[in-house]
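**Student:** Got a structure for you, written out below as structure tokens; questions coming shortly.
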Amino acid sequence: MASSSEDAVRTRPATRAKREQILKAAVEIFGNKGSTNGTLADVAEQVGITHAGVLHHFGSKQKLLLEVLAYRDQADVEDLEEKHIPGGPELFLHLVRTAFANEKRPGIVQAYTVLSSESVTDEHPGREYFEERYTTLRREISEAFAELCAQQGVTEPETVAAASAAILAVMDGLQLQWLLHPDVVELGGASEFAIRSIVNAVLEPGPELASYRQV
């Protein structure tokens, strides 16, 4: 008779496969219905299991949504050579491409926007995920700026840290505006304009805003 540990080893691939099946269903459900209207029952029905079965694998709808976001991040880079967002100036182009890709998945963007906003509350299960995400992205964008400045023969300015945070803020902020007014705000185009403007401002800072003041 096989031991329980041997049984566990044998079931792990099946468990991983089932989790991925649930995640793919959740991406489709939340992408089509949004994070509020899409339910665990919808996900369970598509996978062919019970509501309790989904809870067994993910614990709660909120935790499943967080896993969907992580799964989305993984899907964004699965076709890239190193399975990771590119570094250097190519990173800025990757962020623009991501914004255009997000136009095709409003439900997932909605889930991200809601969960990122909720994560600032105490003991929110998504806080660690978003803290780590922003910390990592700010660092990688700063490193991309450093490489770009070196390529352009520009002394790296003190504005790099602010510019890195600003790029992430404007991308997330535009997602919110786009969700509210999709017929007014063009997510991809507006994100490209903002990122290009911030990058250019780091390389060639313009005059201070005060200089435009009417005397």
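**Student:** Residue-wise, which Karplus ³J(HN,Hα) couplings in Hz belong to region 60-65, taking 6.51 cos²θ - 1.76 cosθ + 1.60, θ = phi - 60°, and x for glycine or proline?
**Tutor:** Running phi through 6.51 cos²θ - 1.76 cosθ + 1.60 with θ = phi - 60° gives 7, 5, 4, 5, 5, 4 Hz.
**Student:** Residue by residue through region 184-196, what is 3J(HN,Hα) from phi via Karplus (6.51 cos²θ - 1.76 cosθ + 1.60, θ = phi - 60°)? Round to whole Hz and write x for glycine and proline.
**Tutor:** 10, 9, 9, 4, x, x, 5, 5, 4, 4, 5, 5, 4
**Student:** For the chain, find the longest principal axis of its Cα atoms and tell me its angle to the long axis of helix 160-180, 0 to 90°, nearest 10.
**Tutor:** Value to nearest ten degrees: 60.
**Student:** Continuing with this model, one more query. Given a 10 angstrom Cα cut-off, can you work out which residue in Ala144, Ala162, Ala26 is the most mobile in a GNM of the chain?
**Tutor:** Ala162
**Student:** Tell me the trypsin sites (Lys or Arg not before Pro) within region 34-93 that lie in a loop according to DSSP and have at most 14 other beta-carbon atoms within 10 Å.
**Tutor:** Of the trypsin sites (Lys or Arg not before Pro), the ones in loops of region 34-93 whose Cβ has at most 14 other Cβ atoms within 10 Å are Lys83.
**Student:** Using the crude model of +1 on Lys and Arg Cβ and -1 on Asp and Glu Cβ, and no other charge, please compute the dipole size for region 85-205 relative to its Cα centre, in debye to 20. Could you put the intermediate results ahead of the total?
**Tutor:** Details: 8 positive and 18 negative charges, 60 e Å.
The calculated dipole for region 85-205 is roughly 280 debye.
**Student:** Sticking with this structure for a sec: What nm distance separates the two modelled labels at Leu93 and Arg196, each placed 7 Å from Cα along Cα→Cβ?
**Tutor:** 1.4 nm
**Student:** Same structure, new question: Taking the Cβ of Thr39 as the center, what net charge do the other residues with Cβ under 10 Å away carry, scoring Lys and Arg +1 and Asp and Glu -1?
**Tutor:** That sum, taken over residues with Cβ under 10 Å, equals 0.
**Student:** As a check on your grasp of the helix formula, calculate [θ] at 222 nm for the chain: sum -39500 (n - 2.57) over DSSP H runs of n ≥ 4, divide by the residue count, round to the nearest 500.
**Tutor:** -24500 deg cm²/dmol
**Student:** Using the Cα centre of the chain as origin and beta-carbon charges of +1 (Lys, Arg) and -1 (Asp, Glu), tell me which of Leu137, Tyr112, Ala166 is placed farthest towards the positive end of the dipole.
**Tutor:** Tyr112
**Student:** Moving on to the next point. Using a 10 angstrom Cβ neighbour count of at most 14 plus a DSSP loop assignment to flag exposed GluC sites (Glu not before Pro), which longest range of the chain is free of such sites?
**Tutor:** No qualifying site falls inside 1-77, the longest such stretch.
**Student:** Could you check the simple spin-label distance between Ser142 and Ala41, using points 7 Å along Cα→Cβ, in nm with one decimal?
**Tutor:** 4.8 nm
**Student:** While we're here: Separation of region 176-210 and region 98-143 by C-alpha centroid, Å?
**Tutor:** 18 Å
Throughout, read-outs are computed from the coordinates displayed, never taken from laboratory work. Just so we're clear, the structure is a prediction, and the values are computed from it rather than from any experiment. Neighbour counts are summed over all protein chains in view; Cβ atoms, including those assigned to glycine, are modelled from backbone coordinates with ideal geometry.
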